[in-house]
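Here's the structure, in structure tokens; my notes come after.
The values are calculated or read from the model by the stated rules, or taken from the named source; none is laboratory data. Every value quoted in this text rests on a predicted model; they were computed, and no experiment measured them. Don't worry about glycine lacking a Cβ; one is built from the backbone with ideal geometry, like all the others, and counts go over all protein chains shown.
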Amino acid sequence: MKGVILGINPAVQIVDLSHEVERHDALEAALVLEAAVAFFPGGTVHLAVVDPGVGGARRGLVITAGRDRFVGPDNGVFTPLLLGERWEAFELSATEYRLSDVSPTFHGRDVFAPAAAHLALGVGPDRFGRPVHDPVRLPWPAASRTAAGIAGEVVHVDRFGNLVTSICRRDLPPDAIVQVAGRSVPVARTYGDVAAGELIGLVGSSGRLEVAVCEGDASRVLDVGRGAFVLAVSSSSRSSPKK
């Protein structure tokens, strides 16, 4: 893919955002984009290829959101961008912006990489195909306010075993405690606020509430993963976690 991009646009600067997304996991890829896009300069072309439907009926897309451009499969990987109101999407169908010989099993190399390179050269997004008004959106996990507190779920387990949740910084009550897997975990500022091996809740660099074990693996300690229920409550009004 990099060779194709550089063959079309030798001046482009390529940045590897991540090669650690689990295979076929469009939600995890969407969370990576959500966390990273804002830190790149305006006008960046983001190429995201987590594509279990390659060669099938799923569309390829070029999306514009603000000054940025996005290229990849229409399988929900761009869901966080579509939550806003200012976006446009186009089907990636123009044959002049792909390789002449397209493998049915490697659209990343033969379709998406050439499109990204041409976008970086200044080709307008509308030249790639017809407008798309119904791009696929994943069910997007969010927090909800309940009588017991702020309810959410684990949306991702990172490579350290930290439990990343659907509860964001803005959702947290004052002096929050996180209840998960029958345990009550205080929310602190950073890992160093507790001793090695202790559970801690904290707001991670993505702005989402996480449950971690200092120098350990919270997913193993608590024996939970994606989808696990979490509840954030104020320490002054603690309630029992749901089972």
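Results, tabulated for the structure shown:
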quantity	calculated
Selected residue [under 11 Å from residue 47 (Cα atoms) and of a type in the set (Lys, Arg)] from 86, 69	69
In segment 59-76, residue farthest from residue 29 (Cα to Cα) [restricted to those that are of a type in the set (Gly, Ala, Ser) and assigned to a loop (DSSP other than H, G, I, E, B)]	66
Condition met for residue 54 (in the same structural domain as residue 103 (by TED's automatic domain parsing), over 14 Å from residue 119 (Cβ atoms) and under 12 Å from the mean Cα position of the chain (by Cα))	no
Residue in segment 192-220 that is farthest from residue 164 (Cα to Cα), counting only those that are part of a helix (DSSP H, G or I) and in contact (Cβ under 8 Å) with a residue 24 or more places away in the chain	220
Residue selected from segment 1-45 under the condition buried (at least 19 other Cβ atoms within 10 Å of the Cβ) and free of Cβ contacts under 8 Å to residues at least 40 places away in the same chain, by the criterion farthest from residue 89 (Cα to Cα)	21
Which numbered condition residue 104 misses (of (1) over 30 Å from residue 214 (Cα atoms); (2) outside the structural domain of residue 29 (by TED's automatic domain parsing); (3) more than 22 Å from the chain's Cα centre (by Cα))	(2)
Members of segment 84-135 that are out of contact with any helix residue (DSSP H, G or I) (no Cβ under 6 Å at 6 or more places or on another chain), in a loop (DSSP other than H, G, I, E, B) and more than 14 Å from residue 71 (Cβ to Cβ)	84, 85, 86, 100, 101, 104, 105, 106, 122, 130, 133, 134
Selection within segment 169-180 - within 24 Å of residue 27 (Cβ to Cβ), surrounded by 14 or more Cβ atoms within 10 Å (Cβ to Cβ) and at pLDDT below 95	171, 172
Residue in segment 147-157 that is assigned to a helix (DSSP H, G or I) and either at positive phi or over 24 Å from the mean Cα position of the chain (by Cα) (or both) present	no
Residue within segment 75-91 that is under 19 Å from residue 5 (Cα atoms), buried (at least 16 other Cβ atoms within 10 Å of the Cβ), under 16 Å from the mean Cα position of the chain (by Cα) and not assigned by TED's automatic domain parsing to the domain that holds residue 207 present	no
